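The values are calculated or read from the model by the stated rules, or taken from the named source; none is laboratory data. Fair warning: this is a prediction, and the values are worked out from it, not measured in the lab. For neighbour counting, all protein chains shown are included, and Cβ atoms are generated from backbone atoms with ideal geometry for every residue, glycine included.
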Amino acid sequence: MKGLIRRGAERVARVLFRPLEERVQSQHKRLIGKLDRLEKRVDAAIARGQAEARLLASRLDGRAATARPRRHGARIPRQRDELPPAAERRTTAGIPAERIVELQACSVCGSGAFTPVCEFNRFLLSETVPDLDAMRADYALCHCCGVVFARRRASGDRFRYLIEHFEETIGRVPASEQRGTKLLGSRRLGDEERERLRARAGQPMFVSEVPRQKNRQHLPMLLRDRLAVAAHVEVLGSLLTPREPRVLEIRPRFGAIGGALRRLYGGETYALPLFEAQQLIVREVYGTCAEHLLDYDAFTIPYPGAFDLIVANHLVTHAVHPQDVLATIRQRLAPGGHLYLYNEPDERDFLESGKSIFNTLNPFHLQTFDAAALARALQSAGFDPVFISHHHDNCIALARVAAEGAAMEPMPARERARRVEQYVQARDLGILALPERLRGLFASEWEMAVQRAFVAGTIDFDGDGNLRLLKR
Ligand SMILES: [Zn+2]
């Protein structure tokens, strides 16, 4: 009887206490879950703290960061495991594989001593590329003249393909998809289009804005170009004493420099424009002989006689064989003749501005340099630099044919060390600024790039402890 009552009481107690027990157990489980999560957060915070401490220590070891507060840009993942895998790239096919030149020596001065500084050109950023080889340039800094040259470059049919796809290659809307005639574009002109352009080019260039004429047909770009290049006419007229000079313009935009020189000093003008639309303008507007187009790969001057002045736009930057190009120009200059280079981009454009090196160096940028390296490049090709300066941040250079045997002073070692370091920083910044889909390409060196950029002061923590690019 006693036992019966005890068992009954126990059963009742079990029934009564079961919900309580279950509640205790579930609370216990929740508590453990909470502790687990807390532990993970503490671990993550410690890891973040340690990583921050390492970064801060590396900056203390390096130079002091800039004191000026700067605006924050994109967030930078700290570790490679935060990077998404690199996106697959589409290829357009159709680009001839032949041929890729692989240089073992500087394209300008021929020296075999160089330091690799950046392996990719702008195709790195494109979702669609002609083929995977097209984005490799393997830029290297020559220890002698100091020019940075693409060790891998397209030549022959492969180069011609890139020129025929000029707009895509430099990251613009393809010529086939553009509306209207682009005066600087690569598109071939149909008969009707040519006639229309000829008629418009024949209109007066100086059209007053006030009073405004109706149905104006002139090409406003021509006056803008004429005013823009007037600076070069000023330089040439001030530093030279032209008397009826024979002038050759290489890749003129529209031929305004040659036109102005002939108007002011007499003489004859010839031109090698890059594309057909420009060729038509050079002839129609400025009456310059422009029978032939420029070939950056197989460069020749297919006009007879010697020239007193050769004026070249974007030449050293884009020449596939710059040593040959400069030698050809030197041969074709009259004794005492001059070469004038303009619109040669200065490497400061991406080394000091915070712009992406990959975005700046499009596949036609085969040489890049500063003013000192450009002067040495000219010396190495047998020219005496007369005047080296800048116009609108691009290098300009006037050089005279030098006597045979004139020598080039090689780049000082300190200058080389400074520029190599600047290129490392620019490449790191280019990597960290990549769109997310491409960051995975640099997973193996991501943490090092983050650390170097932090030391260089190009990235920093925001108020929430995230690393961010610093805007200039
Ligand atoms: Zn060199």
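General remarks:
- First in segment 103-124 and closer than 19 Å to residue 91 by Cα and without any contact (Cβ under 8 Å) to a residue 60 or more places away in the chain, second anywhere and within 11 Å of the ligand (Cβ to nearest atom) and of a type in the set (Gly, Ala, Ser), Cβ under 8 Å, 6 or more apart: none
- In segment 335-376, of all residues being in contact with a Ser or Thr (Cβ under 8 Å, 6 or more places away or on another chain) and among the hydrophobic types (A, V, I, L, M, F, W, C), the one that is surrounded by the most Cβ atoms within 10 Å (Cβ to Cβ) corresponds to 366.
- Matching residues in segment 295-313 - criterion: being at pLDDT 95 or above and either more than 18 Å from residue 236 (Cα to Cα) or in a loop (DSSP other than H, G, I, E, B) (or both): 299, 300, 301, 302, 303, 304, 305, 306
- Residue match in segment 315-325 (condition: over 25 Å from the mean Cα position of the chain (by Cα) and hydrophobic (A, V, I, L, M, F, W, C)): no
- Per the conditions (1) within 16 Å of the ligand (Cβ to nearest atom); (2) at pLDDT below 95, the sole criterion not satisfied by residue 176 is (1).
- Residue in segment 118-141 that is among the β-branched types (Val, Ile, Thr) and within 30 Å of residue 466 (Cα to Cα) present: no
- If the condition is being surrounded by 15 or more Cβ atoms within 10 Å (Cβ to Cβ) and either in contact with a Pro (Cβ under 8 Å, 6 or more places away or on another chain) or over 19 Å from residue 253 (Cα atoms) (or both), then segment 208-230 contributes only 218.
- Failed item, numbered, when residue 139 is tested on (1) surrounded by fewer than 22 Cβ atoms within 10 Å (Cβ to Cβ); (2) on the phi < 0 side of the Ramachandran plot: (1)
- Which numbered condition residue 371 misses (of (1) touching a Cys at 6+ places or on another chain (Cβ under 9 Å); (2) modelled with pLDDT under 95): (2)
- Only one entry of 299, 275 meets the criterion of being within 27 Å of the chain's Cα centre (by Cα), surrounded by fewer than 22 Cβ atoms within 10 Å (Cβ to Cβ), closer than 30 Å to residue 142 by Cβ and not hydroxyl-bearing (Ser, Thr, Tyr), and that entry is 299.
- Matching residues, segment 366-379, being within 13 Å of the ligand (Cβ to nearest atom), farther than 18 Å from residue 117 by Cα and out of contact with any helix residue (DSSP H, G or I) (no Cβ under 8 Å at 6 or more places or on another chain): 375, 376, 379
- Under the condition of being closer than 17 Å to residue 386 by Cβ and free of Cβ contacts under 8 Å to residues at least 60 places away in the same chain, the residues counted in segment 330-357 number 2.
- Residue-level analysis places residue 218 outside the set of residues that are of a type outside the set (A, V, I, L, M, F, W, C) and either within 16 Å of the ligand (Cβ to nearest atom) or closer than 20 Å to residue 320 by Cα (or both).
- Considering only residues in segment 115-133 that are over 21 Å from residue 167 (Cα atoms) and surrounded by fewer than 23 Cβ atoms within 10 Å (Cβ to Cβ), the one that is farthest from the ligand (Cβ to nearest atom) turns out to be 119.
- Pick from segment 96-110, criterion in a loop (DSSP other than H, G, I, E, B) and away from the ligand (no atom under 16 Å from the Cβ), ranking: nearest to residue 151 (Cα to Cα): 99
- Summed over segment 227-260, residues that are assigned to a helix (DSSP H, G or I) and either under 23 Å from residue 276 (Cβ atoms) or aliphatic (A, V, I, L, M) (or both) total 14.
- Residue among 424, 420 that alone is in contact (Cβ under 8 Å) with a residue 12 or more places away in the chain and within 15 Å of the ligand (Cβ to nearest atom): 420
- Criterion (of a type in the set (Ser, Thr, Tyr) and part of a helix (DSSP H, G or I)) met by exactly one of 444, 389: 444
- For first residues located in segment 134-152 and within 16 Å of residue 102 (Cβ to Cβ) and more than 12 Å from the ligand (Cβ to nearest atom), partners that are of a type in the set (Asp, Glu) and at pLDDT below 95 and lie 6+ apart or on another chain with Cβ distances below 9 Å form the pairs 152/133.
- Given (1) buried (at least 17 other Cβ atoms within 10 Å of the Cβ); (2) closer than 11 Å to residue 249 by Cα, index of the condition residue 289 fails: (1)
- Condition met for residue 74 (in contact (Cβ under 8 Å) with a residue 40 or more places away in the chain and farther than 17 Å from residue 364 by Cα): yes
- Checking each residue of segment 170-193 against the condition of being over 33 Å from the mean Cα position of the chain (by Cα) and not aliphatic (A, V, I, L, M) gives at least one match.
- Any hit, segment 398-406, residues being crowded, with 18+ Cβ neighbours inside 10 Å and either within 16 Å of the ligand (Cβ to nearest atom) or within 21 Å of residue 137 (Cβ to Cβ) (or both): no
- Check on residue 237, surrounded by 12 or more Cβ atoms within 10 Å (Cβ to Cβ) and within 16 Å of the ligand (Cβ to nearest atom): no
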